[in-house]
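Written out below as structure tokens is the structure these notes cover.
Nothing in this text is a laboratory measurement; each read-out follows from the coordinates by a stated rule. Since we're looking at a predicted model, the values are computed, not measured. Cβ coordinates were reconstructed from backbone atoms using ideal geometry, including for glycine residues, and neighbour counts include every protein chain displayed.
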Amino acid sequence: MSDHLPYQDASRAIDERVQDLLGRMTIEEKAGLMFHTMVMVSPDGAFNPDVGAFGLASIGEMLDKHMTHFNLVGVADAKSIAAWVNQLQALAAAKRLSIPVTLSSDPRHSFAENPGVHMATAAFSQWPEAPGFAAIGDEELVEEFGDIARQEYLAIGLRAALHPMADLATEPRWARVNGTFGEDNQVAAKLTAAYIRGFQGLALGAESIACMTKHFPGGGPQKDGEDPHFAYGREQVYPGDHFNYHLPPFEAAFEAGAAMIMPYYGMPIGTEHEEVGFAFNKSVITGLLREKYGFDGVVCTDWGPLTDAEIMGSVFPARAWGVEDLSVDERMIKALDAGIDQFGGESCPEVLVELLRSGRVSEERIDCSARRLLRDKFRLGLFENRYVDETAAANIAGNPAFRAAGELAQRKSLVLLKNNGLLPLRGRPKLYIENIKPEVAALYGEVVAEPSAADCAILRLATPFEPRNDIFLESFFHAGDLDFKEPEKSRLLTIMEETPTIVDIYLDRPAVMPEIAAACAGLVANFGASDAAALDIIFGRFKPSATLPFELPSSMEAVRAQHPDAPHDSADPLFPYGFGLRY
């Protein structure tokens, strides 16, 4: 008997259930499946189905439109989220076909806060960002993280992860570098696969979190490093002719069984593909993803490709790059023709219903996507068990063992870049600190108010960026130049001239810091780490072993001259890819 027969039997049984349910659905119910938008949990977990968020319809209205896929945003304690989810599922269960809700989330385990792409959640364990895992380079650790995150998601009722990012950090100015596994495609490939195995297991099932791997065919090679969330960053360019360099992490995701794929907003310039956003790009979605790679899972657009939206008082145009002149229904038709199954961040199934009724879109085409979407709900066991144990959620999410594993990973991810002999610090020195909690620093030394009174200074810094419009979303994306500007650079250098200084810098993007690197006595890089984790490295309570997941350029001139699609190609980098010292 074949070892695969039980899986084949299960797959056939699910297909039969899908087909039976599909045969009983109206076109309105089928259309509702194909929209995946945001809902917000309040900080106290109060559930109000009649109030919308982000300018969207309320939960009640969206359920009335037969929508059953939602991206959960907002934070609360684990028990409150679980109770909120159960109330949502009960509303869905009362509908005609009782189709359960699939709730998704962007990453929730990191330190970074960007409502557009990820958020820290106090209820969960806390880990370094993806470049930190690349700095460690341990597949088993990434899989362990995925398994722990899976359990925490599962406990509160989340069943889909809008991650991992299989993109590469080949353009150092890109605002999404801190979601990647660095710039090396082979490292990113093995860690992407391990991540998916941790979340999904060997096969998607009742204990799995379905991964929506993004952003096919690889975000990152953005013109001038600008992000295509915004119109000025819509162009994705390949001057180094490295389009194919960005594919291996996705190939590894397919091999690992990734359930879903998300294309990015960007439009490829100067390639064989049409110069339209990837969600509208038939040669990429059908030709490359479906036909070349044989991917038969769900393909969901990134958020907001069809309609303009007002969020927190700001108007955001649809990310319909290259098809801005098309109407909403024309954009929808083009995306469906490209091979899209689901529209992220959108809640307009009535437009699709009208296209079906007018004959501009066939019901057979919609059935194809509906089958994939229903299949995942059945594979995840949502029809059998849509509810979660609210008391257990509080005991599972963020439990001491999970938190300890995350804290250990933070320490493993720190990279020692410079040591003139001062490190590790000994005894209880007098410390001048910046951006460190005094109560934490006091566990390691005596905190003083001025650099001149200190034995050494410890400064926690972050990669510089150019502030953009102070509006919701755009202000959260760190983009633009990577170097320290005046007067801040001189202020920091003055401290270093006066007092031996240890710099710990958060590299959400590769910093340009030649003067600071030259002037400091010790330099440590972090990718999301607590004060205690950084100080443990500085004081030798944990020995550094990680290496850089991307190079640190020597100047902004070198950044501007390098190819955004090519790895390891800035001239004379300050610290090369893979650099890291030891004690």
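Pop the C-beta distance of ALA206 and ASP337 into the FRET formula with R0 = 45 Å and round what comes out to the nearest 0.05. Calculated transfer efficiency: 0.85. The stretch between GLN87 and ALA404, if pulled fully straight at 0.36 nm per residue, gains 110.9 nm over its current Cα-Cα span.
Counting only residues at least eight positions apart within a chain, or on another chain, the lysines with an alpha carbon under 21 Å from that of LYS334 are LYS30, LYS214, LYS282, LYS292. Our note on the geometry: Cα centres of the stretch 129-191 and the stretch 306-348, 27 Å apart. Among beta bridges from DSSP that stay inside the chain, the antiparallel ones total about 20%.
Starting from the Cα-Cα distance between THR286 and ASN385, subtract it from 0.36 nm times their residue separation and give me the gain in nm to one decimal. Walk me through the numbers on the way to the answer.
Numbers: separation 99, 0.36 × 99 = 35.64 nm, distance 3.39 nm.
That works out to 32.3 nm of additional length.
The lysines whose alpha-carbon is closer than 27 Å to the alpha-carbon of LYS543, local same-chain residues fewer than 8 away aside, are LYS190, LYS412, LYS418, LYS430, LYS437.
The length gained on full extension between ASP296 and GLU272, counted as 0.36 nm times the residue separation minus their Cα-Cα distance, comes to 6.3 nm. Packing around the peptides 72-82, 545-555, taken as the average count of other Cβ atoms within 10 Å per residue, puts them in this order, highest first: 545-555, 72-82.
For the chain, the relative contact order comes to 17 percent (Cα pairs under 8 Å, sequence separation of at least 6). Using the Cβ-Cβ distance between ARG560 and ASN469 with R0 = 25 Å, the FRET efficiency computed as 1/(1 + (r/R0)^6) comes to roughly 0.65. Applying 1/(1 + (r/R0)^6) with R0 = 56 Å to the Cβ-Cβ distance of LYS437 and ALA94 gives a FRET efficiency near 0.70. The loop-placed trypsin sites (Lys or Arg not before Pro) in the stretch 358-415, going by DSSP, that have at most 14 neighbouring Cβ atoms within 10 Å of their Cβ come out as ARG360. Taking the convex hull of the alpha carbon positions in the chain and averaging its projected area over all directions gives 26.3 nm². When only alpha carbons are used to place a centre, the stretch 531-557 and the stretch 391-426 end up 13 Å from one another.
For the stretch 414-561, the relative contact order is 32 percent, taking Cα pairs closer than 8 Å that sit 6 or more residues apart in sequence and dividing their mean separation by the residue count. Placing a label point 7 Å from the Cα of ALA462 along the Cα-to-Cβ direction, the residues of the stretch 527-542 whose backbone N falls under 13 Å from that point are 527-529.
Across the stretch 364-407, the residues whose backbone nitrogen lies under 20 Å from the label position 7 Å along the beta-carbon direction of GLN19 are 364-380.
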